[in-house]
Amino acid sequence: YISVDTYNTNASGSFTLCLEDQVDYDFYEGAKDVSSIINGCSADAEFTTAGASPDKIKASNWNNTSPKNNRWFKFTATTDQINIRVNRGGSKGTQYYTQLALWQADGLTELASDRYISTYDNVDVDYTGLIPGNVYYISVDTYNASAAGSFTLCLEDKSVRVPTVITNSRITYRVKKN
């Protein structure tokens with residue numbers, strides 16, 4: 001059911017109602033699968049927070065009270081580590097005050113988050129502890145609607161230096177290959 005009303009009789013008039021049955025990346029349920037860009041980036045300024053609506057919850061390192069214009073992405077982990085980066089500026093996009101989060105598959109359990117320090121910062125999140133083959137979610141947001149705009153998304157499944165031997169204050173590392 002859909003109900004439409006006005007604040008008072010002075011605000012009455014006609015309107016157009018549009019409905020879609022396809023959920024897009026404006027919502028968690030329509031998260032865009034970006035597994036194919038792991039170890040690369042999307043096309044420059046491919047995504048945008050402009051026109052997005054708030055969905056789910058804010059991340060712990062964000063400096064607003066709730067999501068504002070977040071977009072959702074998902075990927076299947078290929079290693080136990082991921083670096084997610086939102087690039088903006090020039091051909092990369094117009095968005096600013098960027099906020100970024102990595103979530104478990106439920107879209108509610110935060111694994112990592114970060115936000116801008118200066119207005120026009122690129123923002124990235126590093127996380128170790130993924131389970132290869134599991135699906136994880138990313139949300140990209142801005143501090144407020146005026147900061148919404150286009151951005152480029154990059155993902156990298158990094159090699160991890162794992163300490164293997166510690167002797168006499170000397171650490172030997174082995175490199176875990178992807």
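The values are calculated or read from the model by the stated rules, or taken from the named source; none is laboratory data. Computed from a prediction, not measured in an experiment: that's the story for all the values here. So basically every Cβ, Gly included, is an ideal-geometry build from the backbone, and we count neighbours across all protein chains shown. Please note that ligands, DNA and RNA were not included when accessible areas were found on the heavy atoms of the full protein model with its side chains. Shrake-Rupley method; radii C 1.70, N 1.55, O 1.52, S 1.80 Å.
Give me a count of the residues in segment 8-53 that are in contact (Cβ under 8 Å) with a residue 60 or more places away in the chain and outside any helix (DSSP H, G or I).
Matching residues across segment 8-53 total 17.
Give the number of residues within segment 113-132 that are aliphatic (A, V, I, L, M) and either over 21 Å from N144 (Cα atoms) or exposed (fewer than 13 other Cβ atoms within 10 Å of the Cβ) (or both). Don't jump to the end; show me each part of the working.
The first filter runs over segment 113-132 and keeps only residues aliphatic (A, V, I, L, M), leaving 117, 123, 125, 130-131.
Next cut, either over 21 Å from N144 (Cα atoms) or exposed (fewer than 13 other Cβ atoms within 10 Å of the Cβ) (or both) only: 117, 130-131.
Looking only at that region, the number is 3.
Does segment 68-89 hold any residues that are of a type in the set (D, E, K, R), under 17 Å from A105 (Cβ atoms) and not in a strand (DSSP E or B), and which are they? Quick ask: steps written out before the conclusion?
First, pick out the residues of segment 68-89 that are of a type in the set (D, E, K, R): 68, 71, 74, 80, 85, 88.
In the following step, the residues that additionally are under 17 Å from A105 (Cβ atoms) were identified as 74, 80.
Scanning segment 68-89 gives a single hit, D80.
What do you reckon, is G107 within 14 Å of the chain's Cα centre (by Cα), closer than 21 Å to E29 by Cα and not in a strand (DSSP E or B)? Step through it out loud before you land on a result.
Values: within 14 Å of the chain's Cα centre (by Cα): yes; closer than 21 Å to E29 by Cα: yes; not in a strand (DSSP E or B): yes.
In short, yes.
Can you name the number of the only condition in (1) open to solvent by 40 Å² or more (accessible area, probe 1.4 Å); (2) out of contact with any Lys or Arg (no Cβ under 8 Å at 6 or more places or on another chain); (3) within 16 Å of D157 (Cα to Cα) that I38 fails?
(1)
Does V4 meet the test of being within 17 Å of K74 (Cβ to Cβ) and either open to solvent by less than 60 Å² (accessible area, probe 1.4 Å) or of a type outside the set (S, T, N, Q) (or both)?
Values: within 17 Å of K74 (Cβ to Cβ): no; either open to solvent by less than 60 Å² (accessible area, probe 1.4 Å) or of a type outside the set (S, T, N, Q) (or both): yes.
Here the answer is no, as V4 does not meet what is asked.
Filtering segment 133-176 down to residues that are aromatic (F, W, Y) and open to solvent by 50 Å² or more (accessible area, probe 1.4 Å), which residue is modelled with the highest pLDDT?
Y143
Quick check, is A52 hydrophobic (A, V, I, L, M, F, W, C), more than 23 Å from E156 (Cα to Cα) and modelled with pLDDT of 90 or more?
Working: hydrophobic (A, V, I, L, M, F, W, C): yes; more than 23 Å from E156 (Cα to Cα): yes; modelled with pLDDT of 90 or more: yes.
So A52 passes the test.
Quick test of your reading of the structure: D55 fulfils all but one of (1) surrounded by fewer than 16 Cβ atoms within 10 Å (Cβ to Cβ); (2) of a type outside the set (G, A, S); (3) under 24 Å from V135 (Cα atoms). Name the failing condition by number.
(1)
Given the structure, is L130 of a type in the set (A, V, I, L, M) and out of contact with any Asp or Glu (no Cβ under 6 Å at 6 or more places or on another chain)?
no
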